[in-house]
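Read the structure below first, then the notes.
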Amino acid sequence: MLRPVTLSYSERHDGPWTAIEDGLRNEGRYLWKPESNVTDRIFLRLDARDRAGNTGVHILDQRIDVSGLVPRGTILGVDPVGN
């Protein structure tokens, strides 16, 4: 299979799961930019299929903190530009 991997997340270890991406290549790395509606602490789930159609699932045992992954900022002031 060319794209056998699915990544998902959930607030709870037993789901329900929201897909991050389906049909990924098995490259060992994926960069994800969580949207602002994703809670700060989540479980990740990895589903993978082999060429024979067997499926394996791995769910992280502990939540991970993704709060620092969503950029936040505060405007402290404004300075005029030019004359």
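Using 1/(1 + (r/R0)^6) with R0 = 35 angstrom and r between the beta carbons of GLN62 and LEU2, what's the FRET efficiency to the nearest 0.05? In this case the efficiency is close to 0.65. All other residues whose Cβ lies under 13 angstrom from that of ASP65 are scored, Lys and Arg at +1 and Asp and Glu at -1, for a net of 0. Here the Karplus curve 6.51 cos²θ - 1.76 cosθ + 1.60, taken at θ = phi - 60°, turns the phi angles of region 11-22 into couplings of 6, 10, 5, 9, x, x, 9, 10, 5, 8, 7, 10 Hz, with x standing for Gly and Pro. Report, for the chain, the % of DSSP beta bridges that are antiparallel, rounded to 5. Of all bridge pairs located within the chain, approximately 100 percent are antiparallel.
Accessible area per residue for the chain is 83 Å², calculated with a 1.4 Å probe on protein heavy atoms, without ligands, DNA or RNA. Taking R0 as 41 Å, what FRET efficiency do you get between LEU76 and ALA19 from their Cβ-Cβ distance, rounded to the nearest 0.05? After rounding, the FRET efficiency stands at 0.60. Taking 37 °C and 0.692 mPa s as conditions, region 32-79 diffuses translationally at an estimated 236 µm²/s according to Stokes-Einstein applied to its Kirkwood radius (Cα pairs). The three principal axes of the Cα atoms in the chain give end-to-end lengths of 70, 28, 17 Å, sorted in falling order. For LEU7, the shell of other residues with beta-carbons less than 9 Å away shows a net charge of -2, using +1 for Lys and Arg and -1 for Asp and Glu. Accessible surface of GLU21, taken over heavy atoms with a 1.4 Å probe and every protein chain present, rounds to 70 Å².
Using a probe radius of 1.4 angstrom, the carbon and sulfur fraction of the accessible surface of the chain is 49%.
Using only side-chain charges placed at the Cβ, +1 for Lys and Arg and -1 for Asp and Glu, the dipole size of the chain relative to its Cα centre rounds to 220 debye.
State the extension gain, in nm to one decimal, for the chain segment bounded by ARG12 and THR39, taking 0.36 nm per residue of separation less the distance between their alpha-carbons.
Between ARG12 and THR39, full extension yields an extra 8.6 nm.
The values are calculated or read from the model by the stated rules, or taken from the named source; none is laboratory data. A quick note: this is a predicted structure, and the numbers were derived from the prediction, not measured. Cβ coordinates were reconstructed from backbone atoms using ideal geometry, including for glycine residues, and neighbour counts include every protein chain displayed. Ligands, DNA and RNA are stripped out before the accessible areas are found, and what is left, the full protein with its side chains, is counted by its heavy atoms. Shrake-Rupley method; radii C 1.70, N 1.55, O 1.52, S 1.80 Å.
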